[in-house]
Amino acid sequence: MSAPVQQPTSHTASYYAASSLPQPEYPPLQGELTCDVCVVGGGFSGLNTAIELAERGLSVIVLEARKMGWGASGRNGGQLIRGVGHGLDQFASILGNEGVRQLKLMGLEAVDIVRERIERHNIACDLTWGYCDLANKPRDLEGFAEDAEELRSLGYRHELRLVQPEQMHTVVGSDQYVGGLIDMGSGHLHPLNLALGEAAVASQLGVTLFEQSAVTRIDYGPQVRVHTASGSVRANTLVLGCNAYLNDLNPTLGGKVLPAGSYIIATEPLSDAKARTLLPQNMAVCDQRVALDYYRLSADRRLLFGGACHYSGRDPQDIAAYMRPKMLKVFPQLADVRIDYQWGGMIGIGANRLPQIGRLPDQPNVYFAQAYSGHGLNATHLAGKLLGEAISGQQSGRFDLFAQVPHITFPGGKHLRSPLLALGMLWHRLKELV
Ligand SMILES: Cc1cc2nc3c(=O)[nH]c(=O)nc-3n(C[C@H](O)[C@H](O)[C@H](O)COP(=O)(O)OP(=O)(O)OC[C@H]3O[C@@H](n4cnc5c(N)ncnc54)[C@H](O)[C@@H]3O)c2cc1C
């Protein structure tokens, strides 16, 4: 199968790229190489899978079309939030109640994997603890109380605190919200620096990393052969970790993920006093709408304000002009503040919102992890661990829980998928109004 790598959309220079640690250059693949596992994609999914496999003694090659962390992993909101998927009880008929409970526990473990990786390898990525879910409506607050109760029943060891409407200004300096749920086990970080740090860890563990090495063709079989413009890799096992940037590389997997654009603006650095009026406790926050606002302060006190979800494949001409009114609705006091950076990236949405972690039914040596539905910072790290466990033969029970959940192929083929999803999302937004 051949796959022209399409040009990305809306990837204007991000604040992260401008403030990252030095970015080492990994060479492009040249000639023919052999390894145990070839991983396609140098984002969190690919890098963490590579680390987990190398730690278990396998030889690994990572092929990245552009730069390590170039995709969503290096340009996201940096919000590290507990949990994987959404509405996990819907899977009880497939996995049983105990299976669902295991998924929920893995959603908590996922943040611990990130924490441990950062601490163990001393990755400088501004990790800061503290996150708050923001209630747009009183019924959101009722839902938060149930969430907190469930988390405690699962043994969640971090502080959880409901915030009543009259206390909301201690978390966000805005009149937009009617309450919140503080979670001190979630937080925020500089995602590109985390990805670069993980690439360095992988390299130190003996993983061979190649950049500017877009995979253009895969020959499947008991041994796969993966081709780039200037070389090829033979491997016993292949892992596809391209998420929303997969394009046509594997149409079966591509049909199960809808790429959607999300956008972020970064203000100029704010004074300490001004930053504290916006987010007095320096927490990351998200509201509860389908096209949610998510925002936080950077280490140099810029407000990084993200949101929107575009399914059309067309990005706003001017991201700052598009996002600024959303920011000013929440913080009118920022009217005179300059926007220094604007950028976007692609989120991979799956129909049931459970990350898709599994292997191709007709190619049992081809594994994949994708469709984190905008909540992938922690879930990619869990996916890497589960793939490491399964591919190394250490254990597959946890991997199997994810792999046995079916994921529908979006109807309408490549060109109709996005408009159909846009219609679906419009329906959800209309429901928010009632
Ligand atoms: C704007 C934005 C904000 C977000 N905010 C958050 C957040 O705050 N918290 C959160 O948890 N999640 C967030 N997400 C989601 C999160 O970033 C993703 O779920 C996660 O980074 C996915 O990682 P990945 O490695 O699977 O994919 P990616 O990081 O997208 O990496 C895929 C890589 O595959 C490469 N690739 C594609 N095709 C080929 C090929 N043919 N050959 C070789 N390489 C190829 C691409 O170049 C890319 O680097 C956000 C996403 C976006 C876009």
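The values are calculated or read from the model by the stated rules, or taken from the named source; none is laboratory data. Since the model is a prediction, treat every value here as computed from it, not as a measurement. Reconstructed Cβ throughout: ideal geometry from the backbone, glycine too, with neighbour counts over all protein chains shown. Each accessible area value is taken on the protein alone, full model and side chains, heavy atoms only, with ligands, DNA and RNA left out. Shrake-Rupley method; radii C 1.70, N 1.55, O 1.52, S 1.80 Å.
Dividing the helix sum by the residues of the chain, where each DSSP H run of 4 or more adds -39500 (n - 2.57), gives a mean residue ellipticity at 222 nm of -10500 deg cm²/dmol. If you run the Gaussian network model on the chain, springs between alpha carbon atoms under 10 Å, then out of Ala244, Ala284, Ala124 the most flexible one is Ala124.
Tell me, what is the FRET efficiency for Glu32 and Arg314 to the nearest 0.05, using R0 = 41 angstrom and their Cβ-Cβ distance as r? Here the calculated transfer efficiency is 0.55. Taking θ as phi - 60° and the Karplus parameters 6.51, -1.76 and 1.60, the scalar couplings of segment 71-81 work out to x, 4, 4, x, 9, 8, x, x, 8, 9, 10 Hz in sequence order, x denoting glycine and proline.
Applying the Karplus relation 6.51 cos²θ - 1.76 cosθ + 1.60 with θ = phi - 60° to segment 178-186 yields 3J(HN,Hα) values of 10, x, x, 10, 7, 9, 7, x, 10 Hz, where x marks Gly and Pro. Ligands, DNA and RNA aside, His169 has an accessible area near 100 Å² when probed at 1.4 Å. Ligands, DNA and RNA excluded, the heavy atoms of Met346 present near 30 Å² of accessible surface to a 1.4 Å solvent probe. Comparing mean-square fluctuations of Ala383, Ala351, Ala214 from a GNM of the chain with C-alpha springs under 10 Å, the top value falls on Ala351.
Surface composition of segment 269-380: carbon plus sulfur atoms hold 50% of the accessible area, using a 1.4 angstrom probe and ignoring ligands, DNA and RNA.
Residues whose amide H comes within less than 5 Å of that of Val171, counting only those at least five positions distant or on another chain, are absent (H built at 1.01 Å from N in the peptide plane). Between the C-alpha center of segment 274-340 and that of segment 207-251 there is a gap of 36 Å. Hey, any idea what % of segment 45-111's accessible area is carbon plus sulfur with a 1.4 Å probe? Whole-percent figure for carbon plus sulfur exposure: 50. Karplus-based coupling profile of segment 328-337, in residue order and whole Hz: 6, 5, 7, 10, x, 5, 9, 3, 9, 8, with θ = phi - 60° in 6.51 cos²θ - 1.76 cosθ + 1.60 and x standing for Gly or Pro.
For Val84, the residues 5 or more places off, or on other chains, whose built amide H falls under 5 Å of its own are Gly107. Between Leu162 and Gln223, the modelled labels are 6.1 nm apart [label points 7 Å from Cα along Cα→Cβ]. For Asp219, the solvent-accessible surface with a 1.4 Å probe is about 50 Å², rounded to the nearest 10.
In terms of its C-alpha gyration tensor, the chain has a prolate overall shape, because the principal axis ratio a/c (a ≥ b ≥ c, square roots of the eigenvalues) is not below 1.5 and a/b outweighs b/c.
Picking from Asp400, Asp315, Asp362, which is most flexible by a Gaussian network model of the chain using Cα springs under 10 Å? Sorting by GNM fluctuation, first place goes to Asp362. Note on Ser271/Ala291: beta-carbon distance plugged into 1/(1 + (r/R0)^6) with R0 of 30 Å gives a FRET efficiency of 0.45.
Once you sort the root eigenvalues of the Cα gyration tensor of segment 1-158 as a ≥ b ≥ c, which label holds: rounded (a/c under 1.5), prolate (a/b larger than b/c) or oblate (the other case)? Judged from the Cα gyration tensor, segment 1-158 comes out prolate (a/c at least 1.5, a/b above b/c).
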